[in-house]
Amino acid sequence: MDKGRKLGRVEGKGKSEPLNDISDILGQFQNLSVTEDTKKAVTREVTKSEGKGIRTGFSWDKRCLLHEADHDHVEKPERVSALIKELHDNGLYSKLKIVKGRLADTKELVSEKGYGPHTEEHVQQIDASAKYEYGPKVYDKYDAENPKLYNDCKYLDDDTYVNQYSSTAGRVAAGCVLELTEKLLKGEITNGFAAIRPPGHHACCSQGSGFCLFNNVAVAAKFAKKKFPEKVKKILILDWDVHHGNGTQDIFDEDPSVLLISIHRYGGGFYPGSGNYTECGKGKGKGYTVNIPLDKAGMGDKEYITILNTMVIPIAKKFKPDLVFVSAGFDCAKGDKLGGMLVTPSGFSILTRMLMDTEVQPQGKIIMLLEGGYNVNSVAKSASSCIRALLGEPVPAVSSVISDSDDDILSSPLSTTFQKILLFQKFWGLKPAKRESRRRALKRP
């Protein structure tokens, strides 16, 4: 076994094409477009509790904890168990409507004989892992002083492991999101959060990768469209995991009924090496994949809130989704060494509340599901803050994370990113703004 695998995903393995200059394409769209509503949203203080009548579903299943590597891999059971403890400790667990998980059926996973996103061969490969011959529990091969025993496991690629319980854990992870989706669309809950693992957004149609076995958000999106065709015609998937959701993009690349917006690090060999702004969908789906590549580490609340206000929310309002999924990876959280970003729990709660805007989805139909995030404490605190926002409890004001002393966002590394992706403005009919009005919109009073 490769020693680098001890850290799970290793930087430097992905290949990225450079963020090329597209000024010749942009023409008059060289300035960031900001609508009047967006200008107001930048300075809006999101403090009012909107909790009356909100029923937030929460789904998790102990069987997800059985999926475990043969050493202290970063994608480990504690990512979920620490969140459950945090919710009990801060009193939020008792406020949630607990939704029992279940095993996803094969027809919900496969495309050939069902309505899922995966090939039958891929599902069979994961299911076969339950029948592999595994050794007895073993001590961490990299830490002789660690007394913990781990399950023996095998690897599908350099990062992605399976043990005898992985097929069950993967099906249960997808099943938790399916149960939340069904209850939301039947009106039994208002919104929901799935605390699941293994994660899913790197799982493509025909293979798992990047710790992911089944693409949980894609399974749920396909399910919603199949089972509730009158209620769900358009779906928004926002993926803020620090790694590009290449699997989700692979599955929905040609589907104009699913708008995928991904905010992620890109370049310098950052995994998985895809997600440039030029990857914007294919065929009828062209323009319905919006990649927002961040080519530097160290971005935090200020940058992510600005991205939502100036790109995500305006496009979402144009699209008018019937259902919103958030692939909530917390490896962009402060404290996650693999991600290198600085989003705080307060920032995550504000981002969540922004997505609850009724102009994005009138009934607030949002389901969030855990993707990445490898600092156990950061995951627990950040996910808990998102759940607090879903419950409608007060969240911090924008001014608490964006202060007057901050440097002008236009001179930050983020401005380079915006210059690369402004082509989406033309597709979505967002009018360009003059530079001076853009500066006023982004300044805090």
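Observations
- Test for Ile263: is it within 15 Å of Val326 (Cα to Cα) and in contact with a strand residue (DSSP E or B) (Cβ under 9 Å, 6 or more places away or on another chain): yes
- Residues being among the aliphatic types (A, V, I, L, M), more than 20 Å from the chain's Cα centre (by Cα) and surrounded by 15 or more Cβ atoms within 10 Å (Cβ to Cβ) are entirely absent from segment 71-86.
- Here Glu188 fulfils each of the conditions (1) over 20 Å from Gly57 (Cβ atoms); (2) open to solvent by 10 Å² or more (accessible area, probe 1.4 Å); (3) touching a residue at least 24 places away in the same chain (Cβ under 8 Å); (4) assigned to a loop (DSSP other than H, G, I, E, B) apart from (1).
- Yes/no for Glu179 being closer than 23 Å to Asp61 by Cβ, open to solvent by 10 Å² or more (accessible area, probe 1.4 Å) and assigned to a helix (DSSP H, G or I): yes
- In segment 364-380, residue farthest from the chain's Cα centre (by Cα) [restricted to those that are within 23 Å of Asn309 (Cβ to Cβ) and buried (at least 21 other Cβ atoms within 10 Å of the Cβ)]: Lys365
- Matching entry among Asp89, Asp105 (being over 30 Å from Lys231 (Cα atoms) and among the charged types (D, E, K, R)): Asp89
- Qualifying positions in segment 344-363 - outside any helix (DSSP H, G or I), in contact (Cβ under 8 Å) with a residue 24 or more places away in the chain and open to solvent by 10 Å² or more (accessible area, probe 1.4 Å): Thr344, Met356, Asp357, Glu359, Gln363
- In segment 266-280, residue most open to solvent (accessible area, probe 1.4 Å) [restricted to those that are of a type in the set (Gly, Ala, Ser) and more than 18 Å from His201 (Cβ to Cβ)]: Gly268
- Within segment 324-336, the residues that satisfy the criterion of being more than 16 Å from Thr352 (Cβ to Cβ) and either open to solvent by less than 10 Å² (accessible area, probe 1.4 Å) or at pLDDT below 95 (or both) are Asp331, Asp336.
- Condition met for Thr358 (modelled with pLDDT of 95 or more and not basic (Lys, Arg)): no
- Any hit, segment 119-136, residues being under 26 Å from the mean Cα position of the chain (by Cα), aromatic (Phe, Trp, Tyr) and in a loop (DSSP other than H, G, I, E, B): no
- Hits in segment 93-139 (condition: in contact with a strand residue (DSSP E or B) (Cβ under 7 Å, 6 or more places away or on another chain) and either under 15 Å from Val177 (Cβ atoms) or open to solvent by 50 Å² or more (accessible area, probe 1.4 Å) (or both)): Lys97, Ile98, Val99, Gly101, Leu109, Ser111, Gly116, His118, Glu120, Tyr132, Lys137, Tyr139
- Those residues of segment 214-265 which are open to solvent by less than 10 Å² (accessible area, probe 1.4 Å) and either without any contact (Cβ under 8 Å) to a residue 24 or more places away in the chain or part of a loop (DSSP other than H, G, I, E, B) (or both), in sequence order: Phe214, Asn215, Val232, Trp240, Asp241, Val242, His243, His244, Gly245
- Residue that is modelled with the highest pLDDT [pool: residues in segment 281-295 that are open to solvent by less than 20 Å² (accessible area, probe 1.4 Å) and assigned to a loop (DSSP other than H, G, I, E, B)]: Gly281
The values are calculated or read from the model by the stated rules, or taken from the named source; none is laboratory data. Please read these numbers as outputs of a predicted model, since none were measured by experiment. Neighbour counts are summed over all protein chains in view; Cβ atoms, including those assigned to glycine, are modelled from backbone coordinates with ideal geometry. When the accessible area is computed, the model is the full protein with side chains, heavy atoms only, and any ligands, DNA or RNA have been set aside. Shrake-Rupley method; radii C 1.70, N 1.55, O 1.52, S 1.80 Å.
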